[in-house]
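Nothing in this text is a laboratory measurement; each read-out follows from the coordinates by a stated rule. Because the structure is a prediction, the values reported are computed rather than measured. Counting neighbours? That spans all protein chains shown, and the Cβs are built from the backbone with ideal geometry, glycine included.
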């Protein structure tokens, strides 16, 4: 039916061969509707499809587009205080403050933010594997593990030191728990590169290296660890310093949102 | 009246007793002299052989916290020939340098950092007996799920570095500082022991999840060049 094809093409709706007439909303990735049309269909069915196609723009407008998800894991918490930045400043207090600050900036940029915990005491019963399971189930396009240190100056970005393997769709085959990040390393390196560029533009010294961290190695999402070190006379707890880095990170994630590597995993669990 | 023969006998016995007492005193003195000579002549520790007196160039991969780098640095030091003692001496020297107050990667700890070092030939699984190996030649090889991590482990040795707990407990906490310490050790082993393909850490003979709360210390690491050029982007 050439005139039907011409009609659909005029509407800007792609036509594919299949065994029936379907109009599906591929809202999971980009929200663009796709019409699958069988070549030998009855006229009533084609007419119904045409009417449905006319109604698609309205349906598209009504379908809520899921905001992309960012997972923030403030490292340590509960009895695990982490490093001592100063005599009375444990790492867990700094990471949770930075996570909450970053959460606000991400929400106003249209992201949905999943935090592993919101206060240091929330993490009392949160194990390392529990954090990773939460992250892997979140469907995040980026997983950020937040750290703080009193030693090395500036911001330090880390990706997993696991050997890079070919990117694979998660769930297609079992993976070792502590090597689940391997298929995601290429994407994680790309994310780290974007974050480094953005933080550098914010006039903050930043390094980008690879390391062996248990929490990174088990994640099935583009994942990086960000460590805030002291800067000049300011500790990592300094609000101005945190705000500057958080805005740079939020800006980089806004750019990452449209990046082809910003994909989510099915969620490996232990 | 004492008969004459009794007086002669008494004097003879008396003289004999005095002679015997003198003899015993002399033997006693000789014994004391001999025992003293044994305790004083404690054998000194054998002086190091000529092998250790010769210095040689050793490559250390030195970490720098400020720059976030690990750079090779050659130094002339005297080393023994036995591989495990040699590796231990190299690592002790590395940590000794980090223990200096003006070190670019300062680590504060008491005593020594290394408890023990030993090498294990790879692979760690026992070899199959000849008849069993011949029987399985036609079998399909099933790839190990950890194949990619075992790839480098087919040959060479695994160096097991047993750190002291006092060193690990005193190590500064932080992703960057812990990573630089371990990468410095891995790179130094790689530079001086090419026969080592894998490295594993223990702390007082046990596995430890992290070095100081961050870096995973319970893995088996590949021995590789860990030189880190500066990736620091400064405004």
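Take the Cβ atoms of residue B:32 and residue B:12, set R0 to 45 Å, and the FRET efficiency comes out at 0.90. Between residue A:66 and residue A:176, the modelled label-to-label distance comes to 3.1 nm, taking each label 7 Å out from Cα in the direction of the beta carbon. Residues A:175, A:155, arranged from fewest to most other Cβ atoms within 10 angstrom of their Cβ, appear as A:175, A:155. Its residue count N fixes a reference of 2.2 N^0.38 Å for segment A:69-256, and the Cα radius of gyration divided by that reference is 0.95. With a Förster radius of 22 Å applied to the beta-carbon distance between residue A:164 and residue A:263, the computed FRET efficiency rounds to 0.85. For segment A:69-256, the relative contact order is 28 percent, taking Cα pairs closer than 8 Å that sit 6 or more residues apart in sequence and dividing their mean separation by the residue count. For the residues of A:146-155, the average number of beta carbons from a partner chain within 10 Å of their own beta carbon is 6.
Once the chain from residue B:59 to residue B:202 is taken as fully extended at 0.36 nm per residue, the excess over their C-alpha distance is 49.1 nm. Fewest-first ordering of A:70, A:157, B:38, B:77 by other beta carbons within 10 Å of each residue's beta carbon gives B:38, B:77, A:157, A:70.
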